Amino acid sequence: MAEVKTYEQKPRAIKPMRGRGMPVPKGSIKKGTFSRLLKTVFKYYKWQLIVVLACILFSSVGGLVSSVYMQLLVDEVITPALANVGGFTAELQGTLIGLIIMMAVIYTLVILSSFCYTRIMATVTQGMLYHLREDMFSKMQTLPIKYFDTHAHGEIMSAYTNDTDATRQLIGQSLPTLLSSSLTLLVSVGIMLTYSIWLSLVVGVCTFAMTLVVKKIGGGSAKYMVAQQRSLATEEGFVEEMMKGQKVVKVFTHEEKAKEDFEKYNEQLFLDSERAHKYGNILGPILGNIGNFTYVLIAIVGGLLFTLQVQNVGLSSIFNGTETLKIGIIVAFLGISKNFAQTVNQMSQQISMIAMGLAGASRIFTLMDEEPETDEGYVTLVNAKRDENGELVETTERTGLWAWKHYHKADDTTTYTELKGDIVMEQVDFGYVPEKQVLTDVSLYAKPGQKIAFVGATGAGKTTITNLINRFYDIADGKIRYDGININKIRKSDLRRSLGIVLQDTNLFTGTVMENIRYGRLEATDEECIEAAKLANADDFICRLPDGYQTMLTNNGANLSQGQRQLLSNARAAVADPPAMILDEATSSIDTRTEALVQNGMDKLMKGRTVFVIAHRLSTVRNSDAIMVLDHGRIIERGTHEQLLEQKGTYYQLYTGAFELE
């Protein structure tokens with residue numbers, strides 16, 4: 001017989017992956033989440049919620065009318081009829097008909113109220129999901145690159161799916177139920193105190209027992225529901241990572257190890273979910289039995305009080321005086337106590353859902369509270385032309401001439417500086433974290449039209465320099481000037497618009513080939529996109545695709561080769577037509593023959609532009625105006641290809657070593 005695998009019933013310690021996890025403390029919900037969620041809902045649906053509140057109030061009060069009706073029916077109709085030899089008199093019949101009509105009207109209004117607030121809440125709930133996701137996505141566009149470098153993409157996606165779904169259940173189900181139940185309990189307490197304080201004390205004692213049970217068991221359920229939400233996000237982050245790296249998993253036959261790692265995350269999710277639902281499932285039956293015990297106890301105590309003719313005391317006694325307990329009050333109390341117990345049970349069942357919803361809302365608000373990318377720049381990039389005096393003036397037309405618009409607050413003047421691509425770095429220091437410096441005292445300059453190359457070992461700081469030029473990260477010390485302007489003064493969106501970037505890791509989006517090329521400049525015409533593709537030597541392979549430029553790409557262009565994806569990335573940069581370019585291993589994924597074609601196209605594209613090139617394949621940087629050799633964040637050599645070979649230093653070793661390897 002096959003061995004049945006069982007899970008050890010204790011949490012397995014799992015070390016979180018570095019850089020993973022939404023910053024919500026373990027087992028906690030961000031303070032003020034509930035009130036903030038309510039404010040957000042009221043922000044978008046104020047009047048709808050007022051109507052919902054009124055409908056819930058009416059339906060909650062109307063639901064208790066049956067108990068009052070039973071008391072009136074017993075004391076005003078049945079008891080007098082039994083005491084009367086003649087049976088039902090015309091007066092009693094009129095009273096009965098009046099009660100029936102009153103109940104019919106009230107229950108009709110209760111049904112209409114329930115229908116009304118249910119329909120409105122459906123609109124509010126789905127509308128809130130729309131607004132939350134829209135706000136989250138808008139917020140995400142403002143976050144710095146650092147945020148995405150330090151958070152698993154699967155966990156961020158979990159905020160859009162699992163957390164919003166938990167929040168939907170909280171808004172659409174748990175909150176209305178909680179509000180309705182709370183109002184029902186308040187009205188029930190009021191009615192019970194009005195009828196009989198003695199019987200109210202019996203209900204109070206049983207309610208205290210229910211409260212202890214809810215606190216103990218419901219608290220455990222809420223705790224593990226929060227843990228379940230966190231474990232689910234962690235597991236989804238791992239799954240997303242495995243899906244993205246499935247080819248690597250297959251290449252290195254890492255399947256069994258991946259299964260083993262997944263099992264750890266899945267087991268933790270299983271344990272958290274099991275405990276959450278175990279607590280939640282036993283809570284209802286326990287409270288139900290306490291409610292049944294309360295029902296029986298009220299019948300016994302009420303019967304004794306009625307038999308012993310004990311004077312009844314209630315709030316109604318203030319106006320009507322004391323009298324012995326009536327049968328109708330006992331009957332009404334039985335109905336109210338049953339409804340009371342069911343309401344407490346109903347509220348307790350929402351505890352875990354409320355906890356999970358608040359945990360989801362907390363993670364959503366944590367994302368929305370992340371510090372956005374700061375931008376204090378005020379120098380903007382504008383289209384320009386020269387007037388009759390040769391001076392630069394701003395224009396709305398696309399002239400191909402760009403200028404930096406610099407407003408000087410001191411003397412209330414505006415100057416225009418032609419965008420040429422003159423970039424200077426002066427004694428720049430930088431570290432991704434304060435305690436570890438990546439670049440130290442880096443100084444360089446790139447005159448307009450020059451090609452500057454960065455070479456060096458992996459981790460030397462080559463890509464970091466380009467990240468600083470486009471301000472994906474800000475420097476710790478030093479200066480970076482662009483056409484003589486400190487880049488901290490240039491608005492980031494305008495700075496990046498002036499730079500064309502071709503990354504080593506290509507990213508293609510779901511859409512046609514034409515749309516992916518146009519991503520470089522959204523207003524580009526089809527002809528301009530095709531011309532850019534020809535310049536990057538991508539036109540040949542695009543025309544061989546099933547639908548040419550209208551071929552649909554999905555899953556990051558999985559139906560293309562790595563080299564073809566790189567060519568499209570180059571074409572996207574070409575259509576942007578920027579005055580300065582950054583090429584991070586732009587030909588790393590292209591074979592030698594294609595590289596020659598692409599290099600020819602890139603040389604045309606780079607003509608007249610300032611270009612920064614990062615390359616491990618040193619044959620691509622021989623024609624650079626200057627080559628910077630980096631080592632551990634410092635520039636240790638600089639010069640042309642021939643000058644560096646003559647020095648016979650690090651570059652010489654890298655260059656000759658590369659040929660020896662070939």
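The values are calculated or read from the model by the stated rules, or taken from the named source; none is laboratory data. Keep in mind that this is a model prediction, so the values were computed, not measured. Every residue, glycine as well, gets a Cβ built from its backbone with ideal geometry; the counts of neighbours run over all protein chains shown.
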Every listed condition ((1) at pLDDT below 85; (2) in a loop (DSSP other than H, G, I, E, B)) holds for GLY335 save (2)
For ASP163, work out the one condition from (1) surrounded by fewer than 17 Cβ atoms within 10 Å (Cβ to Cβ); (2) at pLDDT 85 or above it doesn't fulfil. (1)
Regarding SER182, is this residue buried (at least 20 other Cβ atoms within 10 Å of the Cβ) and among the polar types (S, T, N, Q)? no
Do the conditions hold for LEU597, that is, is it hydrophobic (A, V, I, L, M, F, W, C) and at pLDDT 80 or above? no
Which condition breaks for THR366 when tested against (1) in contact with a helix residue (DSSP H, G or I) (Cβ under 6 Å, 6 or more places away or on another chain); (2) assigned to a helix (DSSP H, G or I)? (1)
Going through LEU283, LEU287, LEU271 one at a time, which residue ends up being in contact (Cβ under 8 Å) with a residue 12 or more places away in the chain, of a type in the set (A, V, I, L, M), crowded, with 17+ Cβ neighbours inside 10 Å and touching a Gly at 6+ places or on another chain (Cβ under 7 Å)? LEU283
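Kindly check whether there is at least one residue in segment 377-391 that is assigned to a loop (DSSP other than H, G, I, E, B) and under 38 Å from the mean Cα position of the chain (by Cα).
Yes.
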May I ask you to list the residues in segment 121-152 that are closer than 18 Å to GLY360 by Cα, within 15 Å of the chain's Cα centre (by Cα) and in a helix (DSSP H, G or I)? MET128, LEU129, TYR130, HIS131, LEU132, ARG133, GLU134, ASP135, MET136, PHE137, LYS139, MET140
Identify the single condition in (1) surrounded by 15 or more Cβ atoms within 10 Å (Cβ to Cβ); (2) not in a helix (DSSP H, G or I); (3) not charged (D, E, K, R) that ALA355 does not satisfy, given that it satisfies every other one. (2)
Determine which single condition TYR279 fails, assuming it passes every other condition in (1) under 26 Å from GLN346 (Cα atoms); (2) at pLDDT 85 or above; (3) of a type in the set (Ser, Thr, Tyr). (2)
The lone exception for GLU585 - which of (1) at pLDDT 80 or above; (2) touching a His at 6+ places or on another chain (Cβ under 8 Å) it fails: (1)
Residue check for ARG622: farther than 27 Å from ALA403 by Cα, surrounded by fewer than 19 Cβ atoms within 10 Å (Cβ to Cβ) and either at pLDDT 80 or above or under 33 Å from the mean Cα position of the chain (by Cα) (or both): yes
Residues being modelled with pLDDT of 85 or more and part of a loop (DSSP other than H, G, I, E, B) - total across segment 392-411: 1
Just to verify a result, which residue in segment 636-654, among those that are assigned to a strand (DSSP E or B) and free of Cβ contacts under 8 Å to residues at least 24 places away in the same chain, is farthest from ARG622 (Cα to Cα)? ILE636
In segment 367-385, the residues that are free of Cβ contacts under 8 Å to residues at least 60 places away in the same chain and crowded, with 16+ Cβ neighbours inside 10 Å: VAL382, ALA384
Pairs needed: first member in segment 201-214, touching a residue at least 60 places away in the same chain (Cβ under 8 Å) and more than 21 Å from ILE191 (Cα to Cα); second member anywhere, exposed (fewer than 13 other Cβ atoms within 10 Å of the Cβ) and among the small types (Gly, Ala, Ser); C-beta distance under 6 Å; at least 6 residues apart or different chains. none
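Taking helices (runs of 4 or more DSSP H) that do not extend beyond segment 1-120, which have at least 2 residues that are modelled with pLDDT under 85?
Details: elements: 33-44, 46-62, 65-72, 79-83.
Ranges flagged: 46-62, 65-72, 79-83.
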Please determine whether any residue of segment 282-294 is more than 30 Å from PHE148 (Cβ to Cβ), among the aromatic types (Phe, Trp, Tyr), at pLDDT 85 or above and in the same structural domain as GLY335 (by TED's automatic domain parsing). yes
